[in-house]
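Some notes on the structure that comes next.
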Amino acid sequence: MTETQSNDTMNRRKFIKKAGAATAGAALLVGGLSALPNCKNIGNTKSHKTMKVLLINGSPHQEGCTFTALSEVAQALNKNLIETEIFHIGTKPVHGCIACHQCNQLGKCVFEDDCANEMAQKMQAADGIIIGSPVYYAAPNGALCALLDRVFFQNGGVFRGKPAAAVVSCRRGGASAAFDRLNKYFTISQMPVVASQYWNAVHGNVPDDVRQDKEGLQIMRTLGNNMAWLLKNLSNAAVPMSEQEAFQRTNFIR
């Protein structure tokens with residue numbers, strides 16, 4: 001290669017390098033960092049918002065098997081920089097829904113001597129919801145269901161688009177039926193249901209039993225990771241939900 005050819009080659013390389021830099025600069029101006037390959041969209045304003053998941057302990061035992069499962073989910077969420085709060089429904093008596101429809105006028109349940117209204121407020125404020133329950137006769141705790149009936153009847157539309165999941169704890173059987181019951185609160189409210197690697201159940205009669213359920217605890221961690229992934233993607237996408245059609249109510253009576 002002659003000296004002249006070598007200089008021409010160097011000049012072409014400099015030109016290509018400058019052109020590439022200019023193109024990259026334009027990409028940053030037009031599309032932000034996300035327009036470049038292998039770059040995260042750190043300019044999204046929603047990325048600065050701290051996201052939070054509310055985990056509801058529907059067991060009468062504040063630190064029992066259900067709590068142990070929820071704690072494993074919470075740890076996985078925390079590792080993904082998602083804040084968590086475990087809300088215990090307690091052991092005080094709760095009201096069932098009496099179909100008075102006063103919540104439509106009051107904006108809250110007429111019964112204020114249990115935790116339903118407090119739980120509803122926390123659920124509204126959270127970015128994601130996980131509801132845990134022990135299994136009683138192949139169903140969730142009755143007190144928990146009484147609270148959820150009232151909360152979702154009053155606030156179902158508010159939860160639309162909010163990711164949710166159910167967790168159940170059983171000694172031996174009935175987990176699938178209880179899990180199915182809890183998921184129905186989400187699907188009737190247009191809430192995305194977060195999946196794991198298996199149905200979200202742990203087995204054991206006491207917390208130490210649950211801690212030995214290696215597969216169950218892994219399911220909980222996977223659920224936490226998947227919830228965090230979905231929340232972060234929803235936050236970055238900021239895709240508005242489509243307009244909802246007017247509700248068509250049919251009572252099967254002609």
Problem set entry | Among (1) in the same structural domain as VAL135 (by TED's automatic domain parsing); (2) within 30 Å of LEU106 (Cβ to Cβ); (3) among the hydroxyl-bearing types (Ser, Thr, Tyr); (4) out of contact with any helix residue (DSSP H, G or I) (no Cβ under 6 Å at 6 or more places or on another chain) - the single one SER176 does not satisfy | (2)
Seminar exercise, completed: Note on segment 193-240: residues in a loop (DSSP other than H, G, I, E, B), of a type in the set (S, T, N, Q) and surrounded by fewer than 20 Cβ atoms within 10 Å (Cβ to Cβ) are GLN197, ASN205, GLN212
Exercise. Conditions: (1) touching a helix residue (DSSP H, G or I) at 6+ places or on another chain (Cβ under 9 Å); (2) over 30 Å from THR50 (Cα atoms). LEU182 meets all but one. Number of the miss?
Worked result: (2)
Problem set entry | Pick from segment 147-158, criterion buried (at least 20 other Cβ atoms within 10 Å of the Cβ) and at pLDDT 95 or above, ranking: nearest to LEU182 (Cα to Cα) | LEU148
For this session: Would you check if ALA143 is touching a residue at least 60 places away in the same chain (Cβ under 8 Å), farther than 22 Å from MET220 by Cα and small (Gly, Ala, Ser)?
Result: yes
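Sort through GLN105, GLN75, GLN62 and tell me the only one that's closer than 29 Å to SER235 by Cβ, surrounded by fewer than 19 Cβ atoms within 10 Å (Cβ to Cβ) and either of a type in the set (Asp, Glu) or modelled with pLDDT of 90 or more (or both).
GLN75
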Exercise. Which residue pairs have Cβ atoms closer than 8 Å, lie 6 or more positions apart in sequence or on different chains, and pair a first residue in segment 99-113 that is within 17 Å of GLY157 (Cβ to Cβ) with a second residue that is loosely packed, with under 15 Cβ neighbours inside 10 Å and of a type in the set (D, E, K, R)?
Worked result: none
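The values are calculated or read from the model by the stated rules, or taken from the named source; none is laboratory data. From a predicted model like this one, the values you see are computed outputs, not experimental measurements. Virtual Cβ from ideal backbone geometry, glycine too; neighbours counted across all protein chains shown.
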